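Each remark here refers to the structure printed beneath this line.
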Amino acid sequence: MGPAPAPVPGPAPAPKARAHAQRTTTTRLADLAWPDLTDRRPLVLLPLGSCEQHGPHLPLDTDTAVASAVAERAAARLRGSADVLVAPAQAYAASGEHEGFPGTVSAGHTALHLLVTEIGRSMLRWAGRLLVVNGHGGNLTSLSGAVTGLRTEGRNVAWWPCVPKDSDAHAGRAETSMMLRLRHAAVRGEQAVAGPTDPVHLLMGRLVAESVHGVSPSGVLGDPAGACASDGERLLDTMADRLAEDVRAWRISGHGRLGLPGPRPVVAPAGAGR
């Protein structure tokens, strides 16, 4: 007998079928084409981080990586109950208080305010809601102002802080644990050192006057000792659970914040940034 005839390929999926298949298998905006977004008014989660020093042991994109992971995990939890997409992360923001360290790139508060405003105006031409998932406390001054302004224009937008419960201020045990879970190879554990461990409100006067470098030559505010990936997984999951719950309730509190106030975010000292 000769070889079996090759199977005849079936017809290609219709454009609407392809779009439906794509929209049900991804929550990443970057993976879609514009036809996938017709007849939709999704909630878009925008991770907002920073490119700034995180001590001698953590990568410069730590805040961005954490915000992205929390947004993606929350979107997975919401799949089936809400149309949610995660936008490409924005890594350049307001980190002027860290500019005493090489590698930090700060766009400043004026630019960040304008950026969030224009992203919101453009995105909400086709999206139904926008939620900025913020991974860097130093962004809050301009972020909350931009969100408040967008809301006065009648746009459905809010922000949400990635703040693990009982977290230290910067590059300590919490962030080190989360990065051990997300990108273990990028964490230089042998370089980790402790910085000032006083509560940040007790350091605020010096932070305003001297910036982070003046208070901590290593850039660490906290102690990374004892960090582990399992703790990082727990912290990320807890934040993702809380974010998903807040999205389902969609209650906007003061200054455009989504959800009821929980752990107080660590805010960059006024005057230390740009």
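Share of Cα-Cα pairs in the stretch 59-209 beyond 23 Å, in percent?
Values: 4889 of 11325 pairs.
Here the tail beyond 23 Å accounts for 43 percent of pairs.
Check ILE252: other-chain or 5+ apart residues with amide H under 5 Å from its amide H, H built from backbone geometry?
GLY259
Identify, among ALA93, GLY154, GLY137, the residue whose Cα sits farthest towards the positive end of the charge dipole of the stretch 69-169, taking +1 on the Cβ of Lys and Arg and -1 on the Cβ of Asp and Glu, with the dipole about the Cα centre.
It is GLY154, whose Cα lies furthest towards the positive end.
Quick one: angle between helix 200-215 and the longest Cα principal axis of the chain, in degrees between 0 and 90, rounded to 10, please.
So the inclination is approximately 90 degrees.
Expressed as an acute angle from 0 to 90° and rounded to the nearest 10, what is the orientation of the C-alpha long axis of helix 229-249 relative to the principal long axis of the chain?
With both axes taken from Cα atoms, the answer is about 70 degrees.
In degrees between 0 and 90, to the nearest 10, how far off the longest principal axis of the chain does helix 15-25 point, with axes built from Cα atoms?
It works out to around 40 degrees.
Per the helix-only calculation at 222 nm, which mean residue ellipticity applies to the chain, given -39500 (n - 2.57) for every DSSP H run of n ≥ 4 and division by its residues, nearest 500 deg cm²/dmol?
On the way: 7 runs with 103 residues, N = 274.
That calculation yields -12500 deg cm²/dmol at 222 nm.
Counting only protein heavy atoms and a 1.4 Å probe, tell me what percentage of the chain's accessible area is made up of carbon and sulfur.
On the way: 7410 of 13130 Å².
Answer for the chain: carbon and sulfur cover 56 percent of the accessible area.
Rounded to the nearest 5, what is the percent of antiparallel bridges among the DSSP beta bridges in the chain?
Details: 4 of 23 bridges.
Antiparallel bridges: around 15 percent, rounded to the nearest 5.
Quote the charge dipole size of the chain about the Cα centre in Debye, to the nearest 20; the model charges only the Cβ of Lys and Arg (+1) and of Asp and Glu (-1). List each step's numbers first, then the result.
Working: 27 positive and 25 negative charges, 234 e Å.
Its charge dipole is roughly 1120 debye.
Hey, can you find the accessible area per residue of the chain for me, probe 1.4 Å, expressed in square angstrom?
Details: 13130 Å² over 274 residues.
Per-residue value: 48 Å².
The values are calculated or read from the model by the stated rules, or taken from the named source; none is laboratory data. All figures in this text were calculated on a predicted structure; none of them were measured in a lab. Cβ: placed from backbone, ideal geometry, glycine included. Neighbour counts: every protein chain shown. Just the protein is used for accessible areas: all its heavy atoms, side chains included, with ligands, DNA and RNA removed. Shrake-Rupley method; radii C 1.70, N 1.55, O 1.52, S 1.80 Å.
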